[in-house]
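No value in this document is a laboratory result; all are computed from the given coordinates. Everything numeric here is computed off the predicted structure, so don't read it as measured data. Here the Cβ positions follow ideal geometry from the backbone for every residue, glycine too, while neighbour counts run over all protein chains shown.
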Amino acid sequence: MARILTGIQSTGVPHLGNLLGAIRPAIDLASASDNESYLFIADLHSLTQIKDGETLRNNTRAVAAAWLAMGLDTERTVFYRQSDIPEVTELAWYLSCYFPYNRLTLAHSFKDKADRLADVNAGLFSYPMLMAADILLYDADFVPVGKDQLQHLEMTRDVASRFNHKVGEEIFVIPREMTQRETMYVPGLDGGKMSKSRDNVLNVFDDPKALKKRINKEIVTDATALEDPKDPDSNPIVALYAVVAGEQAAAGLGERLRAGGLGWGHAKQELLAAIVDGFATERDAFHRWFADPQAIDNELTKGAEKAKPLATNVLSRVRRATGY
């Protein structure tokens, strides 16, 4: 039996792209596998950017509510909040002392801002070591990663190998990447990839009226008359409809647009209905969870209690090996 570990950022309410591209596949993996699944909310990482306590707490609660609403089974998955296991920060310090400065300067999280050093805090610079601690603290065998996270896993493997070699014993399990199938591409309202940084996202947990307003306002269409043929590829309506309602339904919508007699407004209405109906159960569940912070804390505390013994055991090995 292998142990699979996944970390998720506490950046607020996950959007449609997050739900379909990351959350649903991770839940399916945890549900279908006989392996152990560890899933944590990386709220300590968020401190590199967010300095308001209430915002951070609400973001963590929103992320937890979304995962629970999407059907995460906390009996099969160890679901916990990163900051509830303080051993991770102690381990990050040890790892930092075994990893060269020059290697950290190559980290994408630092290089992306290296030309704006006023925006770089020490936490952002040492970010890869905290991420490595997240993984190594639980003897993770596999870590599902996308291309943008592969470098951090390579650094984790590197520092674990350096440490093992230096102390002369296998203290850390060397994690391996779990190759993911091509992540579902979810277009944003502007046609580019859905991303909070582009402000082109759809929050499926929003009230239907708010969703309608956002779709109507943000998806730009031309002034082709109702009866005239339209190009389904000229805006993201059909592509968005495909990820929600399926390729076959989207093909039908595209054919009706090409034939004429269907307006862009009607197409937007069909997209809205697909989102509202398709996520009705999850929307209700999200708001029930979000309105009950104690229930969320109970779930995360339960997960932390499961994770704590393993974290304590691994950190004890590290302390012994380093002389503490």
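Values computed for the structure shown
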quantity: Ranking of LEU150, LEU5, LEU262 by count of other Cβ atoms within 10 Å, fewest first; calculated: LEU150, LEU262, LEU5
quantity: Cα Rg, Dmax, segment 206-278, angstrom units; calculated: 11.6, 33
quantity: Computed FRET value (nearest 0.05) for LEU106 with LYS147, which takes r as the C-beta separation and R₀ as 22 Å; calculated: 0.85
quantity: Tilt relative to the chain, helix 264-278 - C-alpha long axis, 0 to 90 degrees, to 10; calculated: 40
quantity: Within the chain, longest stretch clear of exposed GluC sites (Glu not before Pro) (DSSP loop, no more than 14 other Cβ within 10 Å); calculated: 228-324
quantity: Most mobile listed residue (ALA133, ALA295, ALA30) in the chain, GNM with C-alpha springs under 10 Å; calculated: ALA295
quantity: Contour excess over end-to-end distance, with Cα ends at GLU54 and ARG76 and 0.36 nm allotted per residue; calculated: 4.9 nm
quantity: Highest-MSF residue in the chain out of SER197, SER83, SER96 [GNM, Cα springs under 10 Å]; calculated: SER197
quantity: Exposure proxy order (Cβ contacts within 10 Å, fewest to most) of THR221, THR312, THR6, THR60; calculated: THR312, THR221, THR6, THR60
quantity: Potential extension, ARG116-HIS266 segment - 0.36 nm per residue separation minus Cα distance; calculated: 49.4 nm
